[in-house]
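Every number here is computed from the coordinates shown, using simple stated rules; none is lab data. None of the values given here were measured: they were computed from a predicted structure. All Cβ positions, even for glycine, are placed from backbone atoms using ideal geometry, and neighbour counts span all protein chains on display.
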């Protein structure tokens, strides 16, 4: 029998799924208990416990996707012309495989701050402005070079690289609308 405690820890199970395959027996049970409050009796096989942990991870992803969609739809209702919901695939380029949770406020004096939980590789729906925000986040892409004469390291600024990627799946209507909007701003 597997029992779950009501409260979940701040980390998500999907962050730790790679570790699950490496653990066996008592180590797996201890991990499930300590990390997620899931108690599994010794009669429960490792395979069944891993399956249960994966189901919980899938449920976490599904719940996050639903919450992201609800927030996108709410914001679209507040700013219908400015902030349509956009479906796409999120990628964490800085830390691949790690999910990201953040709060975003749309600004413009509108009291509308929502939390978003995005899993690396997940297809989800977020507001257009949140997508633009994610795509604008950069990190320095610096390199150190050894000066052979002095033995000192010199910092060479190469520029910046993207921290996250959100690859939108635009519908034909969205592409036409964005194209028309871009033409209107150019003229």
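Cα centroids of region 31-55 and region 128-142: how far apart, whole angstrom?
Taking the Cα centre of region 128-142 as reference, the centre of region 31-55 is 37 Å away.
Length gain on complete extension for the stretch residue 54 to residue 178, per 0.36 nm per residue less the alpha carbon to alpha carbon distance?
Result for the pair: 40.7 nm of gain on full extension.
Once label points are set 7 Å from the Cα along Cα→Cβ at both residue 33 and residue 153, what is their separation, rounded to one decimal in nm?
The two pseudo-label positions are separated by 4.3 nm.
In what sequence do 103, 59 fall when counting other Cβ within 10 Å, fewest first?
Ranked by crowding around the Cβ, least crowded first: 103, 59.
Full extension from residue 66 to residue 137: what is 0.36 nm times the residue separation minus their Cα-Cα distance, to one decimal in nm?
23.1 nm
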